[in-house]
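What follows is a short report on a single structure.
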Amino acid sequence: MVDSILFNIMLVGVLGVFSQWFAWRFNMPAIVVMSIIGLLVGPIFGILHPDNVFGDLFDPFVSIAVAIILFEGSLNLDFREIKGLGRPVGRIVTAGAFLAWLLGSLSAHYVAGLSWGVAFVIGGLFIVTGPTVILPLLRQAKLKPRPAKILKWEGIIVDPLGALLAVFAFEIIKFLQFEEATPTVLLLFFLASLFATLFGFLCGRGIGWMFEKGYVPEFLKSPVVFGVVILCFAVADEIAHETGLLAVTAMGITIANMHISSIDDMRHFKENISVLLISTIFIMLTASLSVETLLEIFQWQILAFVLLMLFIVRPLSIWLSTIGTDLSWQEKTLVGWIAPRGIVALTVASYFASVLLEAGFEDAKILISLTFALVFATVVVHGFSIRWTAEKLNLASDEQPGVVIVGGSSFSTALSRTLQQLKIPVLITDSSWKRLITARKAGVPFYRGEILSEQTEYRLDLTPYEYMLAATELDSYNALVCTTFVPEIGRNNLYQLSLRSDRGDDIEELVHTIGGRIAFKEGATWEHLNRKVESGYVLRKTNITQQYNYDQYLEEIDEETVQLFIKKPSGKLDFFSHDSEVRGEAGDVVVSLMPPSKEFNRIQQKLEKQRNEEDKVQNRQE
């Protein structure tokens, strides 16, 4: 083990980013990868012991990181998003949370063998799911909108409530069992919670007001928000432990519902910071566990408690709390199954293990083992099963990565019809009914509305679509659309048509920074592609095999052919573009815009001759 703080910071950061990349590359739950790597470098091989190296800074750093993660998550809690879902969400975060607390406490007492006091503290804590674990799972699983929104809202709202319930239970225990505890202590706890909520609300309103009035320059907005988040958390937490989480949640929800445009710009930056913090904190927490803690996990009481929480407590609390709502049995089943615990559970359990032991509760010594057993079990089981369960319940979005085409035209419609034939989800969007006329006639899915409008985010579900092609006649608009969707889709999957063939070097350099990748070959402009389609060019699908390879295909096409994209057997799409070399392999399907066949030309010439003769007859009659 290396004791250098700098080396440990570097190691934690590198391992965190590597875990995220490894999970993305091999399509695994990122939380699972982070947990395993943390255990390997920590208690198993002894390479990293963050709690020893960082000393007194370990707990404050983790607490601030959790506060930032929770704030970033709460920035996504716009009340417009749960239109039609307010009742089930409200039931789950109130009645569902209370039932989970009660049932979890009974399980901790009768199965895990904890005393009533410790059982009610840990039962309150274990209702949390939290954005640190649920958001990465939702990003990986790609559920349909309704269950995804329910799980996201529950995770973010219940996260601070679980910590507060644990504190509340502890205060009740002190009041009932210790003479020095008085009703005043309970009253002060409720007042502190109320203050934290109000303080968070005021911080959010203050930030929003300053941004709207222009009192903060653009380059300082992100630092100011981060500073106020830490201030909000620290002040509330100093007054009463764990109320800081409630304060930053209230602040985030307040800002989210003020609908400030500059906050939308910063949300992407904070999401990146949040991903980095989740990665590093999860590795630090798992690496700081001891071998003794891991061995204690295999006690039968702890294993039985975990199984009970997985298969009885969570599903029962969700089903009972959502009686009378419009949730289908499939949605209830999925939400009742998915409840991974994460960073908040580990950090708060560590705090209560020490204070309960100091208060004389000897059975609190197994809290860390009990908590990690539940955290690791839920992260692994739910991480690997969420997609499979959603598919079986028909709550997963289409497996094929879809394409959004911005801009209605003849070419857009022809491309969309070909994508449909390949069973790839496709959607044409445009603000003009006139430009959508060919799509409407062809029966292609379309959305009439401005793709850049804030309202589109709530009216249009873009979850099934991983690629976007900006195909309007305006170069600047195409670049703007691609730039706007970089955080959601990624620059590698964003393409735009070129309007002119004589763009110039300056324009080409500009597109690399503010737009998407220029689609198709040099000269394949919007006008060029549409003229070809309207003159009879067709989109053809060519299967590449061992017998008919890609080189043979290239020999047969002429210079008028425009190669559009390659569909891989996995469903992935590789669009041809100016800045990439794409080659087909055996099993691929190459889609190209090709000249019409000779038979088609003969029919076209015949029709043209008939039209000319009819025109001559009409002229003689006149």
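Before moving on, here are some points about what is shown:
- With q set to 0.05, 0.07 Å⁻¹, the log10 of I(q)/I(0) for the chain, from the Debye formula over equal scatterers at the Cα positions, is -0.29, -0.53.
- With Cα atoms, 0 to 90° folded angle of helix 505-514 axis to the chain main axis: 30 degrees
- Under DSSP loop assignment and at most 15 Cβ neighbours within 10 Å, longest chymotrypsin sites (Phe, Trp or Tyr not before Pro)-free interval of the chain: 299-432
- Applying the Karplus relation 6.51 cos²θ - 1.76 cosθ + 1.60 with θ = phi - 60° to segment 10-23 yields 3J(HN,Hα) values of 4, 5, 5, x, 5, 5, x, 5, 4, 4, 5, 5, 4, 5 Hz, where x marks Gly and Pro.
- Legend: translational diffusion of segment 532-585 by Stokes-Einstein, Rh = Kirkwood radius over C-alpha pairs, 37 °C, 0.692 mPa s; D = 261 µm²/s.
- Helical contribution to [θ] at 222 nm, DSSP H n ≥ 4, -39,500 (n - 2.57), averaged over the chain, rounded to 500: -19500 deg cm²/dmol
- Compactness of segment 84-185 is given as radius of gyration and Dmax, 16.0, 53 Å, from Cα positions.
- Distant alpha-carbon pairs in segment 317-368 (separation over 12 angstrom), percent: 70 percent
- The alpha carbons of segment 113-258 give a radius of gyration and a Dmax of 18.0, 58 Å, in that order.
- Taking Cα centre as origin and charging only the Cβ of basic (Lys, Arg, +1) and acidic (Asp, Glu, -1) residues, the dipole magnitude of the chain rounds to 2200 debye.
- Computed log₁₀ I(q)/I(0) - Debye formula, equal Cα scatterers, no solvent, segment 16-67, q 0.26 Å⁻¹: -1.00
- Loop-resident GluC sites (Glu not before Pro) (DSSP state other than H, G, I, E or B) in segment 521-551 with no more than 16 further Cβ atoms inside 10 Å of their Cβ: E522.
- Normalising the average separation of contacting C-alpha pairs (under 8 angstrom, six or more residues apart) by the number of residues puts the relative contact order of segment 69-215 at 24 percent.
- Restraint check, K441/K541; K144/K332; K83/K392; K521/K541; K144/K541, Cα-Cα greater than 21 Å: K441/K541; K83/K392; K144/K541
- Accessible surface, the chain, averaged per residue in Å² (probe 1.4 Å): 46 Å²
- P(r), alpha carbons of segment 1-149 - 5 Å bins starting at zero, rounded %: 2, 8, 11, 14, 16, 17, 15, 11, 5, 2, 0
- Residues whose amide H lies under 5 Å from that of F565, counting only those 5 or more places away or on a different chain, are F576, V591; hydrogens are built 1.01 Å from N in the peptide plane.
- Scaling against 2.2 N^0.38 Å puts the C-alpha radius of gyration of segment 46-126 at 1.56.
- Note: relative contact order over the chain, using C-alpha pairs below 8 Å and six or more positions apart, is 13 percent.
- Each of D159, D51, D237, D558 has its accessible area taken with a 1.4 Å probe; listed largest first, they run D558, D51, D237, D159.
- Annotation: I239 carries an accessible surface of approximately 100 Å², with a 1.4 Å probe and no ligand, DNA or RNA atoms counted.
- Considering only A256, M34, G200, the residue lying farthest towards the positive end of the dipole of the chain is A256, judged by Cα position with unit charges set on Cβ.
- Derived scalar couplings ³J(HN,Hα) [segment 326-342; Karplus, 6.51 cos²θ - 1.76 cosθ + 1.60; whole Hz; x for Gly, Pro]: 8, 5, 6, 5, 5, 5, 4, 5, 5, 5, x, 8, 8, 7, x, 9, x
- Here the 3J(HN,Hα) profile of segment 191-202, calculated from phi with Karplus coefficients 6.51, -1.76 and 1.60 at θ = phi - 60°, is 5, 5, 5, 5, 4, 4, 5, 5, 5, x, 4, 5 Hz, Gly and Pro shown as x.
- Legend: residues V33, V486, sorted from most to least accessible area (1.4 Å probe; ligands, DNA and RNA excluded), read V486, V33.
The values are calculated or read from the model by the stated rules, or taken from the named source; none is laboratory data. These numbers were taken from a predicted model, which means no experiment stands behind them. For neighbour counting, all protein chains shown are included, and Cβ atoms are generated from backbone atoms with ideal geometry for every residue, glycine included. Calculation scope for accessible area: heavy atoms of the full protein, side chains included, ligands and nucleic acids excluded. Shrake-Rupley method; radii C 1.70, N 1.55, O 1.52, S 1.80 Å.
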